[in-house]
Amino acid sequence: MDLKLDLKSKFLGGLVGSALGDAIGELAFRYHDEMSLGAVVEHSNVLTYTDDTAMAIGLAETIVQTGHLDEKHLGDVFKSNFTREPWRGYASGPPELFAMVDEQGLSYTEAAGRLFDGQGSLGNGAAMRIAPVGLFYYDAPDLYAQVRQSSIVTHAHPVGIDGAAVLAYAIARAVSLEPNEVFPSELFSLELVSFAKTAEFRAKMACVKTLLAENAPADEAARQLGRSVMAHESVPFAIYSFLRYPNSFNDCLFCAVLNGGDRDTLGAMACAIAGAYLGIEAIPEAWRARLEKGQYIESLALQLEQMKK
């Protein structure tokens, strides 16, 4: 472990950043420019997160409680958290999956494989919650396998898994980098292309590199990369938002959430990387203080960091 790295700050930044990106991204569905969105954020009593953060919390809880990624434990935590708070904004996949587990006696992985006519989900649900995995396994040589283990509980499609893996790798690399040094943008981009296993993600990550080299505006990048709920049409633009503004948490967030599409998830994914790179100090204290269940989210981040010692 590089002793220069402040892992406590980075783990806090990654988990809190993801939750704030989610909560502020949800507000961006109603406030579509930086000035109005910023004003609303500053005057909100509570910044309320969605299912993105609810599932990230579940993932962190499983790692903290078991020390690893156990399929049944993780699925049970997801199901319990959903049952307690079904109003968080879940798509149709999780409740359908939980019903199959309860009514048909399937494992979570078996049920996930039957979704979408047996193809499995290629949505961004495994990626949106991946911050705890990217943080905790930032130095693990088997990061892709760990991501797959966390994903197959709900997402069986290779593209859905690959999206979570590419994002987790971006978070992991962000943890390992020193923000006071020059950010290695080109190398970072190349590594993401190499880490992807599907043709869809290799092509999109190569496109991210090209768009950055050409200094393409954010709206053009969003158009080319996509902003939908599918993994290969949202994870790349979230990563682009970070790579365009690696030294500013706020600019990264606004780029991710103010260009349309799946705004809350784009914010959660982009800001997980930004927070993991810049650390908790880069996140406005006023935002952090207003985050729903912020103290609990911070406690999970601190427990994950302690487990690395």
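A few remarks follow.
- Looking across segment 283-309, the residues that are in contact with a Phe, Trp or Tyr (Cβ under 6 Å, 6 or more places away or on another chain) and within 18 Å of G25 (Cα to Cα) come down to I283, E292.
- Of the residues examined, F98 is one that is more than 27 Å from P236 (Cβ to Cβ) and in a helix (DSSP H, G or I).
- Within segment 267-309, considering residues that are in contact with a Ser or Thr (Cβ under 6 Å, 6 or more places away or on another chain) and among the aliphatic types (A, V, I, L, M), the one farthest from I171 (Cα to Cα): I280
- Checked against the criterion of being open to solvent by less than 40 Å² (accessible area, probe 1.4 Å), farther than 18 Å from V159 by Cα and either over 19 Å from the mean Cα position of the chain (by Cα) or among the hydrophobic types (A, V, I, L, M, F, W, C) (or both), the candidates A216, A231 yield just one match: A216.
- Taken as a whole, the condition of being more than 28 Å from F116 (Cα to Cα), open to solvent by less than 40 Å² (accessible area, probe 1.4 Å) and either touching a helix residue (DSSP H, G or I) at 6+ places or on another chain (Cβ under 9 Å) or at pLDDT below 95 (or both) applies to L211.
- Test set (1) outside any loop (DSSP other than H, G, I, E, B); (2) open to solvent by less than 10 Å² (accessible area, probe 1.4 Å) - V153 fails condition number: (1)
- Residue within segment 31-43 that is part of a loop (DSSP other than H, G, I, E, B), open to solvent by 60 Å² or more (accessible area, probe 1.4 Å) and of a type in the set (A, V, I, L, M, F, W, C) present: no
- Residues of segment 13-40 satisfying the condition of being in contact with a strand residue (DSSP E or B) (Cβ under 7 Å, 6 or more places away or on another chain) and more than 18 Å from F78 (Cα to Cα): V16, L20, A23, I24
- Tally of residues being loosely packed, with under 14 Cβ neighbours inside 10 Å and not in a helix (DSSP H, G or I) across segment 170-192: 5
- Scanning segment 45-82 for residues that are open to solvent by 20 Å² or more (accessible area, probe 1.4 Å) and outside any helix (DSSP H, G or I) turns up N45, V46, T48, G67, H68, D70.
- Checking each residue in segment 257-292 for being in contact (Cβ under 8 Å) with a residue 60 or more places away in the chain and part of a loop (DSSP other than H, G, I, E, B) picks out L258, D262, G279, I283, E292.
- Restricted to segment 234-256, and to residues there that are outside any loop (DSSP other than H, G, I, E, B) and among the polar types (S, T, N, Q), the residue that is least open to solvent (accessible area, probe 1.4 Å) is S241.
- Taking each residue of segment 115-128 that is on the phi > 0 side of the Ramachandran plot and of a type outside the set (A, V, I, L, M) and looking for partners that are surrounded by 24 or more Cβ atoms within 10 Å (Cβ to Cβ) and at pLDDT below 95 with beta-carbon atoms closer than 9 Å, six or more apart or interchain, yields F116/L122.
The values are calculated or read from the model by the stated rules, or taken from the named source; none is laboratory data. Given the structure is predicted, the values throughout are model-derived calculations rather than measurements. Note that we place each Cβ from the backbone using ideal geometry, even for glycine, and neighbour counts take in every protein chain shown. Accessible surface is based on the protein model in full, side chains and every heavy atom, while ligands, DNA and RNA are left aside. Shrake-Rupley method; radii C 1.70, N 1.55, O 1.52, S 1.80 Å.
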